[in-house]
Amino acid sequence: MSSSDPRPAVDDRSPEHPKTYEVRTYGCQMNVHDSERLSGLLEGAGYVRAPEGSDGDADVVVFNTCAVRENADNKLYGNLGHLAPKKAQRPGMQIAVGGCLAQKDRDTIVKKAPWVDVVFGTHNIGKLPVLLERARVQEDAQVEIAESLEAFPSTLPTRRESAYAAWVSISVGCNNTCTFCIVPALRGKEKDRRTGDILAEIEALVGEGVSEITLLGQNVNAYGSDIGDREAFSKLLRACGGIEGLERVRFTSPHPRDFTDDVIAAMAETPNVMPQLHMPLQSGSDTVLKAMRRSYRQERFLNIIEKVREAMPHAAITTDIIVGFPGETEEDFEQTMHVVREARFAQAFTFQYSKRPGTPAATMENQIPKEVVQARYERLVALQEEISWEENKKQIGRTVDLMVAEGEGRKNGATHRLSGRAPDNRLVHFTKPDAEVRPGDVVTVEITYAAPHHLLAEGDVLNVRRTRAGDAWEKRNQEEQDKKQGVLLGLPKIGVPEPLPAVTGGCAVE
């Protein structure tokens, strides 16, 4: 069977007993978006999503892996080992491994876990249904790792996790050479998508009811380098401002090297671009930044923060920081603490450095003892926690519009609250109003209480605005309920994409 064979990946299913699938995602926003593509491909091939919490009881289980996370390989093989006895007891079950770890380890996965049926890389996710069928027919593991992008992922079918908010990929790959990051070697050089294709996808999404989009790239504000236009990203932001019905535009994650004044101006002058910025610092020490091959220094970073705050006084700025990079001295660490005090981040994703095989940093001298890294990490977390709380307290008394979200408040059932995101992406839990409110709708509330990682609006909701996004959520929710009754499937989790998943180490979206 050739790789271009158009036949579906399964041929023994029936409408009464369709085969099920489960996709497990690890890592960054790029992986989350890729998993939406994998789900779309499988559903196009006739599979249906397994019930929530099926824990490996699906006919096909796909692992979309990350090579940046600490002990990523051990976690993968542990999960694969857990599935081995299930597969032995379930004839026809298939297991596939894709993503960055698959791109890196290739044949190693099948050698360590010979019960895996398919291994595919970051550049050929579109081949998954064909590879599953080939593995079934040949009764042999299929390993296919493309060395370069075969087709831009956004051309593939998609089963989006949210009816009202969506990722929109504008580029793939990365041209940076950060010494702690292996992602450029796994996802390749940066490749930009045509602006017209991006805007067409956004317009189509808005037509379906989506009201918030997040522009996604490994180094999102370097967009244009592949097409020779240094102002392409700011132009794209302004173009998003002209799309009727698009209420919120976000992007993640920029690189300080490429963050130019025209981008700041576009953010400030385009009403639907939100006053939120995730700007990875990694270290406040010029010496460490040089060792990391980060092409900016402390002064440049703080200058960007200052300009953003001048243009958007209420902008919430978040960051990534690595503690204990090889050679980091106490003085270097204090420089990081200095930047944190000066920048006053709304939130920081902080990580203890650990070796990543295949990166230059893994073989550097002067690796910092674990106990030293831990002590510094705890000091940094304590400082940032204090600043986050102080910055959140400044929100008390403000009136804000929230886009209602689903699954953001674990205690909402007990507290009779709902949750939503403010324009600056702060999480707010608010008193459930008498009027019906759906995810995707917009409510106006007054902030009454602040904690380090969330806000409360304990008074009455000031206004409820039903939106097309809420209509889209309601329609999709009803369709999923009908499907559940028809084929006994569980309702999949629906909600806005996680704005800033815990990131590890390195590149812009990792």
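The values are calculated or read from the model by the stated rules, or taken from the named source; none is laboratory data. Since the structure is predicted, the reported quantities are computational estimates derived from the model, not experimental observations. With ideal geometry, Cβ positions are generated from the backbone for all residues, glycine too; neighbour counts draw on all protein chains shown. Heavy atoms of the whole protein, side chains included, go into the accessibility calculation; ligands, DNA and RNA do not. Shrake-Rupley method; radii C 1.70, N 1.55, O 1.52, S 1.80 Å.
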Can you tell me the accessible area per residue over the chain, all protein chains present, probe 1.4 angstrom, in square angstrom? 42
What FRET efficiency would be calculated for the residue pair Arg24, Lys411, taking the C-beta separation as r and a Förster radius of 22 Å, to the nearest 0.05? 0.25
Compare the Cα positions of Gln347, Asn366, Thr329 along the charge dipole of segment 320-377 (+1 at Cβ of Lys, Arg; -1 at Cβ of Asp, Glu; about the Cα centre) and return the one farthest towards the positive end. Gln347
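Please find the FRET efficiency linking Ala239 to Asp471, where r is the Cβ-Cβ separation and R0 is fixed at 25 Å, and quote it to the nearest 0.05.
It comes to 0.45.
Relative contact order, percent, of the chain when contacts are C-alpha pairs under 8 Å separated by at least 6 residues? Intermediate values should be presented prior to the final figure.
Values: 1038 pairs, mean separation 73.3, N = 510.
This gives 14 percent for the chain.
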Rounded to one decimal in nm, the spacing of the 7 Å Cα→Cβ label points at Asp140 and Asn366 is 5.2
Separation between Cα centres of segment 396-423 and segment 45-69, rounded to whole Å: 30
Reviewing [x] 1.00; [y] 0.96; [z] 1.15, the figure for Rg/Rh (Cα atoms, Kirkwood Rh) actually calculated from this model sits under [y]
Calculate, for Met337 and His454, the FRET efficiency according to 1/(1 + (r/R0)^6) with r their C-beta to C-beta distance and R0 25 Å; round to the nearest 0.05. 0.50
Work out the length of the dipole vector of the chain about its Cα centre, built from +1 on the beta-carbon of each Lys and Arg and -1 on the beta-carbon of each Asp and Glu, and round it to the nearest 20 debye. 540
Take the solvent-accessible surface of the protein heavy atoms, probe 1.4 Å, and return the percent of it on the chain that carbon and sulfur atoms account for. 49
I need the GluC sites (Glu not before Pro) found in segment 360-401, filtered to DSSP loop residues with at most 10 other beta carbons within 10 Å of theirs. Glu365
Gap in Å between the Cα centre of segment 258-333 and the Cα centre of segment 133-148? 43
Residue separation between Glu231 and Arg106 times 0.36 nm, minus their alpha-carbon distance, gives in nm 41.2 nm
Which order, highest average first, do 57-68, 320-331, 125-136 follow once you tally other Cβ atoms within 10 Å for each residue and take the mean per peptide? 57-68, 125-136, 320-331
In debye, nearest 20: dipole of segment 276-384 around its Cα centre with unit charges on the Cβ of K, R (+) and D, E (-)? 360
Charge dipole of the chain about the Cα centre (unit charges at C-beta), most positive-ward option of Tyr296, Ala457, Leu76: Leu76
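Quick one: work out the % antiparallel among DSSP beta bridges in the chain, nearest 5. Let's see the in-between values first.
Values: 20 of 62 bridges.
Of all bridge pairs located within the chain, approximately 30 percent are antiparallel.
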Go through segment 221-306 and name the GluC sites (Glu not before Pro) that are in a DSSP coil and have 10 or fewer other Cβ atoms within 10 Å of their Cβ. Glu244
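What are the DSSP H helices in the chain that stretch 30 Å or more along their long axis, judged by alpha-carbon atoms, and whose average Kyte-Doolittle hydropathy comes to at least -1.0?
Details: long enough: 370-393 (34 Å, -0.96).
Qualifying helices, which must be both long enough and hydrophobic enough, are 370-393.
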Mind jotting down the distance between the C-alpha centroids of segment 448-478 and segment 163-225, whole Å? 27
Which pairs in the list Lys235/Lys290; Lys127/Lys235; Lys19/Lys127; Lys111/Lys370 are over 23 Å apart, alpha-carbon to alpha-carbon? Lys235/Lys290; Lys127/Lys235; Lys111/Lys370
List the residues of segment 99-129 whose backbone N lies under 13 Å from a point placed 7 Å from the Cα of Ala185 along the Cα-to-Cβ direction. 101, 103-106
Run the reach check for Lys104 against aspartates and glutamates, Cα to Cα strictly under 14 Å, same-chain hits fewer than 8 apart removed. What comes back? Asp73, Glu144, Glu147
